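Chemist: For reference, the structure I am asking about is given below.
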Amino acid sequence: MTRRDSYWAEGPLPETPSPQSSPAPWGTTRVVGTRRPRIDAYERVSGTAVYPSDVVLPGMLYGAILRCPHAHALVKRVDASRAEGMPGVRAVMTGRSKVADLDWPYSRRDHSKLFDPHCRHEGEAVAAVAADTPQQAADALRAIQVDYEVLPFVADERDAVAAGAPKIRDGGNLAGEPEVSERGDVAKGFAEADVVLERSYRCAYEIHAPMECHGCVARWDGNRLTVWESTQGVFRIQATLAGMLHLPLTDVRVIGHYMGGGFGSKLQAGKYTVIASLLARVTARPVKLFLSRQETMLCVGNRPGAEIRLKAGVKKDGTLTAFELSSLTSPGAYEVGAGLLDWLARDLYTCPNVRTESRVAFINAGPARPMRAPGHPQGAWALEQMIDELAEAIQMDPVELRLRNVPKVSQARGGKPYTSTGLARCLEEGAKAFGWSEARKKQQQNGRYRRGVGSAACLWIAGGGGPPSTVIVKLFADGSVNLNMGASDIGTGTKSVMAMVVSEELGVNPDQIRVENADTATTQFATPSGGSKTVPTESPAVRDAAIAVKKQLLALVAEEKGWDPADLELDGQAVVSRTDPQRRLPFAEISRLQRQRVIVGVGYRGPNPEDAVVNPFAAQFCEVEVDTNTGEVRVLRFLGAHDSGRVLNRLTYDNQVFGGITMGIGFGLTEERVLDRRQTGKMLNANLHSYRMPTALDVPADMVSLPIELGDTECNTTGAKGLGEPVTIPTAAAIANAVHDAVGVRVTDTPITPSRLIGLLAVAHKEG
């Protein structure tokens, strides 16, 4: 999974000019690093922020999609005549509609039709309607008659590779040859080990389930299309629409100022985007098409489950000698990528002998999409439990075992050094702040309720950001500022962080900075916000643009007053002399600025260092309580120690940590897509009642965010690395290790449900 593959799939990444400045790293900062509420906090909490699902336009129609109810079927006949004559129905589209005869790209290598007669998963689009009201649209869908030839299905990747399994694709159920990576000699490594362990693990499929469902509003003005979309990347939506509808980019405008969550599922356009646009074209009216919660669970992404087998060797002194990992996962019915399940085994710990083999199989289920660190939580579930088992086998503290194998270089990238490696400090300082040693000694191991503690670590393959990024900063005559950038704020507080960067350079109060973002017609090109790359990508460009403004402003004053420009700096909304504080000129008194009215600075993102790797690292610690009568697990406290470079906004940083841990708790304890593996292949819990995401009752009140700031001066000019992904990667494994510490049972399948754990406890009791 390359950065381009995951977050920009329209060919080579665009190039931007080199930055205009090479500023020294910040020392002590006034604004950056402080705790500041979001600059759009009032709009968000008051309900005045307009999300795409809030958009209502004059004459707007409502779109809806008819979906295949079977896991695998051929569409033999579609009769839409009843629907076409129903009150309020303005358009009906099927696979026979000429306007809808389009190829749909699931990836660069895998295509189907927009309304494909071969439905390979429950929820495939079969037809669509537009009507005056949502109710009329729903009634019209029910009136469309479809004859299906129901085909045999496969609902589990293990079944897909079994002999005699029904074929999902013409080339078979395996998506290409296994991907193999190896270094050293694993057989030699195992022979050198004092302890060799081997175990199988299984991860359930997880659904993104953002608060705002996927969808858009589409409107045509002549040949120009405007789309308001809940998306992580407006320019990627623009490129997809322009390509599919054969329009110049200038005639496609995509707006996404706000979005109600995505977690990777909204990095790309969905069929609904194109369908809404087509319905709007044929009706000559705006069309709003937002999916139902059930549709989002079937059709627009998931974190792929996995079957992982891991063999590991260690010496008595804690030296890791070999890893051998094999995995089987599924991207669903189409070739869309399934993440890097093996990356942590290849790169997290020093180990000279590593071999991994990854297989991907098609099943009759909705296509996967990237989800918060694709592949890494699954890989951590296996690796971090295995590390604990190895530590137990050689009678070593599991944190100590990790510390003895902290890497100095990226082994999976040919031995390149990291710009900063905070794993050791994450482990050491995290353990100290958590009270790891003391907690290990005094855990409650008797009675009905038993407590245990666990830890786990990670790195994230991405998180370094990189070009392209173009940002425009405008300083107005009254000292207020406009920041123009194309990146989406996907709920993470990006706009606020960027305003703080501008404030740091120009001395302007962040409350006087307005941000324009995520509009292909008015903002600068940006790749989608994903992969924990937004802050490290955009903040250096923002700083470059602000410095360009500052240089121009100081030059104006120097020329106007005859002062030495090298002696000038900004202090609040004034230009002052470093050597003579009496020389102070407020912005309002700079005559050139008042005549010019605005100073414009353009900033760009420079490349990452060629000879080093930029990765964030983390270690997490938790304490759980297990009810041995019911199998219920309660997380009592959690601490996340994260090396994600310089903290730009401490409030945003902490909330990202808490949110990521919460998602990891769901992966470890509650979340699981359930398909009917034997009878129908259908999803049995496509709703928020049966698909259990963590609530406030599942999350500990005692959560601690511990930033590990190393002062990375190589990664970029703001020193920031990614945070959003690594905060989810080790969480579930830490919980599993804590459960084992509490009750002595190793849970290898996610999620750790009461029924699963109580069954394992019963077996352990019988064997004991």
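Chemist: Residue under question is Leu74, and the condition is that it be modelled with pLDDT of 95 or more and surrounded by fewer than 18 Cβ atoms within 10 Å (Cβ to Cβ); does it hold?
Modeler: yes
Chemist: Restricting attention to region 686-709, and to residues there that are in contact with a helix residue (DSSP H, G or I) (Cβ under 8 Å, 6 or more places away or on another chain) and either farther than 28 Å from Gln385 by Cα or basic (Lys, Arg) (or both), which single residue is surrounded by the most Cβ atoms within 10 Å (Cβ to Cβ)?
Modeler: Ala686
Chemist: Looking only at region 678-697, decide whether some residue is at pLDDT below 95 and over 30 Å from Asp156 (Cα atoms).
Modeler: yes
Yes/no per residue for (1) outside the structural domain of Pro25 (by TED's automatic domain parsing); (2) surrounded by 15 or more Cβ atoms within 10 Å (Cβ to Cβ); (3) within 18 Å of Gln443 (Cβ to Cβ):
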residue	(1), (2), (3)
Ser591	no, no, no
Ile599	no, yes, no
Ala618	yes, yes, no
Phe621	yes, yes, yes
Glu625	yes, yes, yes
Thr628	yes, yes, yes
Arg634	yes, yes, yes
His642	yes, yes, no
Arg646	yes, yes, no
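Chemist: Which condition number does Ile308 fail, the rest of (1) touching a helix residue (DSSP H, G or I) at 6+ places or on another chain (Cβ under 6 Å); (2) assigned to a loop (DSSP other than H, G, I, E, B); (3) crowded, with 24+ Cβ neighbours inside 10 Å being met?
Modeler: It is condition (2) that Ile308 fails.
Chemist: Do we find that Asp741 is farther than 21 Å from Asn446 by Cα, of a type in the set (D, E, K, R) and touching a residue at least 12 places away in the same chain (Cβ under 8 Å) in this structure?
Modeler: Taking the combined requirement at face value, the residue does not satisfy it.
Chemist: Out of region 573-589, which residues are surrounded by fewer than 14 Cβ atoms within 10 Å (Cβ to Cβ) and either of a type in the set (Val, Ile, Thr) or in a loop (DSSP other than H, G, I, E, B) (or both)?
Modeler: Residues satisfying the conditions are Arg578, Thr579, Asp580, Pro581, Gln582.
Chemist: Further question on the same structure: Could you say which residue among Ala218, Ala276, Ala191 is aliphatic (A, V, I, L, M), part of a helix (DSSP H, G or I), farther than 26 Å from Ser327 by Cβ and not assigned by TED's automatic domain parsing to the domain that holds Val360?
Modeler: Ala276
Chemist: Please enumerate the residues belonging to region 312-371 that are part of a strand (DSSP E or B) and either on the phi > 0 side of the Ramachandran plot or hydrophobic (A, V, I, L, M, F, W, C) (or both).
Modeler: Answer for region 312-371, where residues must be part of a strand (DSSP E or B) and either on the phi > 0 side of the Ramachandran plot or hydrophobic (A, V, I, L, M, F, W, C) (or both): Ala312, Val314, Leu320, Ala322, Phe323, Leu325, Leu328, Val354, Val360, Ala361.
Chemist: Please indicate, with yes or no, whether at least one residue in region 268-277 is under 30 Å from Ser230 (Cβ atoms), of a type in the set (Phe, Trp, Tyr), surrounded by fewer than 24 Cβ atoms within 10 Å (Cβ to Cβ) and at pLDDT 95 or above.
Modeler: No, because not a single residue in region 268-277 is under 30 Å from Ser230 (Cβ atoms), of a type in the set (Phe, Trp, Tyr), surrounded by fewer than 24 Cβ atoms within 10 Å (Cβ to Cβ) and at pLDDT 95 or above.
Chemist: Still on this model: On the basis of being without any contact (Cβ under 8 Å) to a residue 40 or more places away in the chain, under 27 Å from Leu651 (Cα atoms) and not in a loop (DSSP other than H, G, I, E, B), does Ala457 make the cut?
Modeler: So Ala457 fails the test.
Chemist: Take Glu504 and decide whether it is at pLDDT 95 or above, in a strand (DSSP E or B), surrounded by fewer than 23 Cβ atoms within 10 Å (Cβ to Cβ) and in contact with a Ser or Thr (Cβ under 7 Å, 6 or more places away or on another chain).
Modeler: The answer is no for Glu504.
Chemist: Also, I was wondering about something else. Please name all residue pairs, on different chains or six or more residues apart, with Cβ atoms under 6 Å, provided the first residue is in region 528-553 and is closer than 18 Å to Lys495 by Cβ and the second residue is part of a helix (DSSP H, G or I) and polar (S, T, N, Q).
Modeler: Thr534/Thr494
The values are calculated or read from the model by the stated rules, or taken from the named source; none is laboratory data. Small disclaimer: the values here were computed from a predicted structure and weren't measured. Here Cβ is always computed from backbone atoms with ideal geometry, including for glycine, and neighbour counts include all displayed protein chains.
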